[in-house]
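**Q** Once you've had a glance at the structure underneath, I'll fire off some questions.
The values are calculated or read from the model by the stated rules, or taken from the named source; none is laboratory data. What you are looking at is a predicted structure, and each value in this text was computed from that prediction instead of being measured. Glycine gets a Cβ as well: all are built from the backbone with ideal geometry, and neighbour counts include every protein chain shown. Note: areas computed on protein heavy atoms with side chains; ligands, DNA, RNA excluded. Shrake-Rupley method; radii C 1.70, N 1.55, O 1.52, S 1.80 Å.
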Amino acid sequence: SIKAIESSSKEDDTTWLTYWVVYGVFSVAEFFSDIFLYWFPFYYAGKCLFLVWCMAPVSWNGSQVLYQKVIRPCFLRHHQTVDNVLGNLSTKA
């Protein structure tokens with residue numbers, strides 16, 4: 001999804017690809033922290049509001065904000081390493 005977002009041909013799928021990238025990162029983070037987070041009152045209501053914010057049809061929705069400020073800079077810093085690891089895995093497979 002990140003490769004599709006960063007490709008030169010921009011289409012309407014960019015919005016949803018951005019959402020799915022943010023949702024995937026959120027799901028991985030939640031997997032490791034869920035044992036602590038479910039103790040917080042209204043955690044699931046907050047999670048629901050967060051996901052609605054990420055899907056909101058406005059220019060400042062959560063997916064765009066989080067992708068541009070957090071995920072994209074991290075990806076651009078480490079994408080060469082990820083590509084090398086995936087290339088090595090595919091040759092070994």
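**Q** Tell me which of 2, 19, 61 sits at the most positive position along the dipole axis of the chain, charges placed on C-beta atoms (Lys, Arg +1; Asp, Glu -1).
**A** Final value for the positive-end residue is 2.
**Q** Under a 1.4 Å probe, what is the accessible area of the chain per residue, stated in Å²?
**A** Working: 7050 Å² over 93 residues.
On a per-residue basis, the chain sits at 76 Å².
**Q** Within the chain, what whole-number % of the accessible surface is contributed by carbon and sulfur, with the 1.4 Å probe and all protein chains included in the calculation?
**A** C and S atoms contribute 69 percent here.
**Q** Can you list residues whose amide H is under 5 Å from residue 56's amide H, if they're 5+ apart or on another chain and H is modeled 1.01 Å from N?
**A** So residue 56 has HN proximity to 62.
**Q** So, one more: Once phi is turned into θ = phi - 60°, what whole-Hz ³J(HN,Hα) does the Karplus curve with 6.51, -1.76 and 1.60 give for every residue of the range 48-64, x standing for Gly and Pro?
**A** For the range 48-64, the Karplus curve yields 4, 5, 4, 5, 5, 4, 5, 9, 4, x, 10, 5, 9, 5, x, 4, 5 Hz.
**Q** Step through the residues of the range 29-39 one at a time and calculate ³J(HN,Hα) from phi using the Karplus curve (6.51 cos²θ - 1.76 cosθ + 1.60, θ = phi - 60°), rounding each to whole Hz and writing x for Gly and Pro.
**A** 4, 5, 4, 7, 10, 4, 4, 9, 5, 5, 6
**Q** Excluding same-chain pairs closer than 8 in sequence, count the lysine pairs in the chain whose Cα atoms lie under 26 Å apart.
**A** Number of lysine pairs found: 4.
**Q** Something else: Among [x] 1.07; [y] 1.27; [z] 1.44, which one is Cα Rg over 2.2 N^0.38 Å computed from these coordinates?
**A** [y]
**Q** Continuing with the same structure: For the range 69-81, just list the computed ³J(HN,Hα) in residue order, Karplus coefficients 6.51, -1.76 and 1.60, θ = phi - 60°, integers in Hz, with x standing in for Gly and Pro.
**A** Using θ = phi - 60°, the values come out as 8, 10, 6, 4, x, 5, 4, 5, 5, 10, 5, 5, 5 Hz.
**Q** By average Cβ neighbour count within 10 Å, what is the ranking of 17-23, 56-62, 34-40 from highest down? Numbers along the way, then the final one.
**A** Numbers: 17-23: 20.1, 56-62: 11.7, 34-40: 9.9.
Going from most to least packed, we get 17-23, 56-62, 34-40.
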